[in-house]
Structures are given as C-alpha cells and as structure tokens.
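Please read the structure below before turning to the comments.
Nothing in this text is a laboratory measurement; each read-out follows from the coordinates by a stated rule. Everything numeric here is computed off the predicted structure, so don't read it as measured data. In this analysis, Cβ positions are derived from the backbone assuming ideal geometry, glycine residues included, and neighbour counts consider all displayed protein chains.
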C-alpha cells in the first residue's frame, strides 16, 4: 500500500457537545479524518458497521483496523492508545 495514508475516522454530529470536545482535543492532520454522519459517506459507513440506529452514541470512532468505538471518552482513550497525540484540556468539563 505504497503512498496510501490510512487514518482513523471520527463521525461527529452538529450541536453535539461531546463531539466538539473530542474534536478540540485532536490536532489537525494527526491521523484522524472527521466526517458528518448525515452525509452520504457518513451514512454508508454507519450502515456498513451496523450502527445506523438511534441508539448509536456519538462521537463514533472507526479505527484503522476497523474497530468501532462509541462515546467521547472511549474514543479518546482508543486514539491515545493508537499513538495519536492529543492536546491537553485547558479547563475541566463534565462529560
């Protein structure tokens, strides 16, 4: 796979506090692509991973190895374990 850059995909909804919080922790161009689940591409990913229902928790992370992780804190932990450098939070927020 020469020349192919594989990234994690983070699906985030608009007006989602936890989604915005997690996005603020991830520096740009650090191995994570952001996607809106309401776009055709986002809907296709949700359907493919069988997460196209109302019980799905956002943000939703799809890792480079195909794992699906729901929720802000589990997604943050998974990204950190995968070596993504996350920014420190400047103020404490309740999730």
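Express in nm, to one decimal, how much length is gained between residue 14 and residue 43 on full extension, taking 0.36 nm for each residue of separation and deducting their alpha carbon distance.
On the way: separation 29, 0.36 × 29 = 10.44 nm, distance 1.46 nm.
Gain on extension, residue 14 to residue 43, equals 9.0 nm.
Once label points are set 7 Å from the Cα along Cα→Cβ at both residue 53 and residue 34, what is their separation, rounded to one decimal in nm?
My value for the distance between the label points is 2.9 nm.
What number, in percent, do you get for the relative contact order of segment 1-77 if the mean sequence gap of Cα pairs under 8 Å and at least 6 apart is divided by its residue count?
37
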